[in-house]
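Note sheet for the following structure.
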Amino acid sequence: MSLGVSAAKTLRKLKELKFTHVLMIPDSESRLLYEVLEKETSIELITPCREGESIAIAAGLWTGGCNPLIVIQNTGLMEAGDSLRGCGMGPRVPLRMIVGWRGYGGAISNKLPIDSAYTYTEPLINGWGIPFWHLMKDDDLEVIEKMNKTAEETSMPAAVITGYTFKE
């Protein structure tokens, strides 16, 4: 079983679901997804300065009738908590997120010390009451559709968490 999700297959799923914008600050795990999005003309790639901006910009885009997706690392999600509360949870904006689970690989291989970002990711998302699914391999790509549908039906944020680097 090959772990990690193909950036190209992820892009196809995003196009299928008609995402209009992707907001992301690229990191080592999302670099390949960033590279395929940078070349794609049907989805606008926006690179904010801070993760909290991603949340606010996505909420504004959704208010304007667009279908944005936020790609954010777990540490960035922690930084963006107030924006998520104020621009997503409070006003009931169906923010869609792919959350990179930094520290996952080391934690499951028992590499010490365990990155605290790994430790707090699921409890934090659960604490906010955000439904989420795991996106760990290509066979899991349908969870993006479940996340998208759940956000639409509840008019609340929903997420998928990926524990591995995107692959080619």
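Here are the numbers for this structure:
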read-out: Sole residue being of a type outside the set (Ser, Thr, Tyr), in contact with a Ser or Thr (Cβ under 9 Å, 6 or more places away or on another chain) and crowded, with 17+ Cβ neighbours inside 10 Å, chosen from Gly105, Gly88; value: Gly105
read-out: Members of region 1-25 that are over 15 Å from Lys167 (Cβ atoms) and surrounded by 14 or more Cβ atoms within 10 Å (Cβ to Cβ); value: Leu14, Leu17, Phe19, Thr20, His21, Val22, Leu23, Met24, Ile25
read-out: Condition broken by Thr165, with the remaining ones in (1) assigned to a loop (DSSP other than H, G, I, E, B); (2) touching a helix residue (DSSP H, G or I) at 6+ places or on another chain (Cβ under 7 Å) satisfied; value: (2)
read-out: Pairs with Cβ under 8 Å, 6+ apart, first in region 137-152 and more than 14 Å from Ser6 (Cα to Cα), second among the charged types (D, E, K, R) and not in a helix (DSSP H, G or I); value: Met147/Arg96; Asn148/Arg96; Ala151/Arg96
read-out: Test: residue in region 17-38 that is hydrophobic (A, V, I, L, M, F, W, C), touching a Leu at 6+ places or on another chain (Cβ under 6 Å), assigned to a loop (DSSP other than H, G, I, E, B) and at pLDDT 95 or above; value: yes
read-out: Tabulated pairs, region 101-116, first over 17 Å from Asp27 (Cβ atoms), second assigned to a helix (DSSP H, G or I) and modelled with pLDDT of 85 or more, C-beta under 9 angstrom, 6+ apart or interchain; value: Ala107/Tyr118; Ala107/Thr119; Ile108/Tyr118; Lys111/Gly105; Leu112/Gly106; Pro113/Gly106; Ile114/Gly106; Ile114/Ala107
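The values are calculated or read from the model by the stated rules, or taken from the named source; none is laboratory data. The structure presented is a predicted model; accordingly, all values stated were derived computationally and were not measured. Neighbour counts run over all protein chains shown; Cβ positions are idealised from the backbone, glycine included.
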